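> Just passing along the structure, written as structure tokens.
The values are calculated or read from the model by the stated rules, or taken from the named source; none is laboratory data. Note that this is a predicted model, so its numbers are computed, not measured. A quick note on method: Cβ atoms are made from the backbone with ideal geometry, for glycine too, and the neighbour counts reach across all protein chains shown.
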Amino acid sequence: MNLPRRWIGHLTGLAMWLGLAGLLGFWLGSVSWGLVVALALYVVYTLRNFFLLDRILFGAGHVPLFETRGLWAEIVARADRVKARSRNRKKRYHRLLREVRESTGAISDAGIILNADSEIVWFNPAATRLLGLDPARDIGNRIDNLLRHPDFVSYLASPGESSIIVPSPHVESGTLQVQVIPYGQEQRLAIVRDITHEAKLERTRRDFVANASHELRSPLTVITGYLDTLIEDEELPESWQVPISEMLRQSQRMTQILRDLIELTRLESTDAHAPLDFVDVSEMLRGMVREFDERKRRPAITLHLETDAAIFGSESELHSIFHNLISNAVRFTPEDGKVDVYWRVEAASAVFDVVDTGIGVPAELVPRLTERFYRVDAGRSRASGGTGLGLAIVKYALQRHGSALEIESEEGKGSRFSCRFGQNRVAVRHGARPSVV
């Protein structure tokens, strides 16, 4: 092992000191006592330097380097530099912490740090404004003891990547959006945003759509009735037949749009789950396929009943779900194509699939298909009688049944629309034989 030069110099000096003490002891007649006195002086010198080092490391004063010599001078100087760097680092950390606190204090959203037990570790000033939290009272308390909404308690157990909307516990008629994000070692950050204004705007929009739809339905019914009467009048001039027919078609289309808007508004404004009425899905699907079979221009439709399982839900909403998905596939599939409708049981869940060989859509547009009035091909959708609301209705109706719409599509090859109903809504009747209609 190669010793540093400073240690070599220090050990050389110590050897010379002991050698000199030995010679002096020999001259005085006792080498041992000479060495003992020399070692004692060396210990005193070392203890003094340890004291100076301790003052630098733990004291408040600064020790001038001229008070030490050699190796100890370098050790003391290095300790002094380490302490200075630590002092500067601590200042930077305090400045950074102050800036973080100032920046989080300026954020309008509440930020709450939770530990693994969902206990509050820290929160910014916005949490006091939005949730009424008090640092002296609420630090260390579980957040679900302060925000006790049942939906939030369930969400806190497994937050995932989504957020949840709950009423404000601190502001009357307020609405909050809460998202819990895991980070670090078993820590979580709860971000709470006040969306009261957005929620009021959304309610206003829904109310306007509902009221406008109801108000327009009556005059449209009158207009459609008169147009229907005119088109059947044998004395109607031939030059009027085409315009009257077009007006009748457009009024019927507008009536259908209003019906869909009213239904969509009802589904959006209803937070409760669908009722648990017994619905015979197999019989419902047979009737739908017969209805589509009666149309003159359509692709081939095949119904695959692999189970006769029933669903506990809303019969009208389930009819709307299945009919919209089949109708959507029929509209966008050419006459030489085909549409396959499946009803099956998979892992104690009931699965409804509609597979077509239609035009398909690009993968990047799939997430937008359930938006209201969104059309990939607007001209073709209008020509085929679509309102652009069918898949939006399906989305919200499925949510009321604890399900969701899954879409797979490839442009030019076709699409698959699937929905899965959980075990709590499925009534399986054993002994049924698969059939193809």
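> Hey, among SER163, SER168, SER218, which residue is small (Gly, Ala, Ser), free of Cβ contacts under 8 Å to residues at least 40 places away in the same chain and outside the structural domain of ALA127 (by TED's automatic domain parsing)?
Among SER163, SER168, SER218, only SER218 is small (Gly, Ala, Ser), free of Cβ contacts under 8 Å to residues at least 40 places away in the same chain and outside the structural domain of ALA127 (by TED's automatic domain parsing).
> Quick one: how many residues across the range 141-167 are touching a helix residue (DSSP H, G or I) at 6+ places or on another chain (Cβ under 7 Å) and part of a loop (DSSP other than H, G, I, E, B)?
Qualifying residue count for the region: 2.
> Turning to a different aspect of this structure: Would you confirm whether any residue within the range 316-335 is under 30 Å from GLY412 (Cβ atoms), more than 37 Å from the chain's Cα centre (by Cα) and not in a helix (DSSP H, G or I)?
The answer is yes, given that some residue of the range 316-335 is under 30 Å from GLY412 (Cβ atoms), more than 37 Å from the chain's Cα centre (by Cα) and not in a helix (DSSP H, G or I).
> Related question: Can you tell me which residues in the range 223-250 are assigned to a helix (DSSP H, G or I) and modelled with pLDDT under 80?
Listed by number, the list is empty, since nothing qualifies.
> What is the residue count in the range 178-190 for residues that are crowded, with 17+ Cβ neighbours inside 10 Å and either in contact with a Ser or Thr (Cβ under 8 Å, 6 or more places away or on another chain) or not in a strand (DSSP E or B) (or both)?
Matching residues across the range 178-190 total 3.
> Of these, ARG253, ARG259, ARG266, ARG290, which one is of a type outside the set (Val, Ile, Thr), part of a helix (DSSP H, G or I), surrounded by fewer than 16 Cβ atoms within 10 Å (Cβ to Cβ) and at pLDDT 85 or above?
Exactly one of ARG253, ARG259, ARG266, ARG290 is of a type outside the set (Val, Ile, Thr), part of a helix (DSSP H, G or I), surrounded by fewer than 16 Cβ atoms within 10 Å (Cβ to Cβ) and at pLDDT 85 or above, namely ARG290.
> Please go through the range 366-417 and pick out each residue that is at pLDDT 80 or above, surrounded by 13 or more Cβ atoms within 10 Å (Cβ to Cβ) and assigned to a helix (DSSP H, G or I).
Of everything in the range 366-417, those that are at pLDDT 80 or above, surrounded by 13 or more Cβ atoms within 10 Å (Cβ to Cβ) and assigned to a helix (DSSP H, G or I) turn out to be VAL366, GLY390, LEU391, ALA392, ILE393, VAL394, LYS395, TYR396, ALA397, LEU398, GLN399, ARG400.
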